[in-house]
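Everything below concerns the one structure shown next.
Only the coordinates and a few stated rules stand behind these numbers; no lab work does. The model shown is predicted, which means the values in this text are computed figures rather than measured ones.
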Amino acid sequence: MDKLFNAISGDKDDHPSSSILPPGNKAAGGAYPLAGNLLSLLDNDDHRNSTADDASRHAGSSGSTEMFKSILGSLGSQKERVTQEDIDEDDAVRKHKKYVVDDDHDEADARGLGTAAAMQALKKFSSGNEHASGSKSEGAFLSLAMAEASKLFDDKASKNKVASGTDKESVVRQAGEMALKMYLKSQGQSQGQSQGQSHGAAGLASLASKYLK
């Protein structure tokens, strides 16, 4: 994970201690400590609906609430698998640089676009610009990642830079999985933070400062 952390440095200013994402529990599970609140969100209809609405707001005309609801349902059914998987740090850095920073002309698949979008969402979320006036629920980062994926797909598709067989739903689903892994990783990062800080807020800010340049 250090390679990915060292490849990115965002705004390293102190972030407010007010809760952006509530702390997950400390029970170990899979590759990361389980973030109980975010994982529970995927099982709750009201929370899924709220997160889907938030994603649609961020995405604008690029993504509908119904599409995001469907993808959140899919993520819920796959959450046990996702908690067992680690983040390929080198690959994530390369994909963000290739498809977002450099806007590479190669045709992109779902994994590439989804990973790049989740990284871009982490950068935006940690800057405070995206959540300052929006939702501060436990789904805020997840909704932003899905919205970024939807918009990135549309941008690449308009330039004929999407690989054959790659659809928007698969890109958004990949971004959601990556965002969930990042959030779970941030819980482990934040265990050493002072008790006065939100685990989610402190962990994601720390993650971004190490991931993104």
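Relative to one another, the C-alpha centroids of region 34-110 and region 150-188 are positioned 7 Å apart.
Legend: Rg and Dmax of region 51-135, from Cα coordinates, 14.2, 36 Å.
When the C-alpha to C-alpha distance is required to be over 21 Å, the pairs from K69/K168; K69/K123; K79/K123; K161/K185; K79/K181 that qualify are K69/K123; K79/K123; K161/K185.
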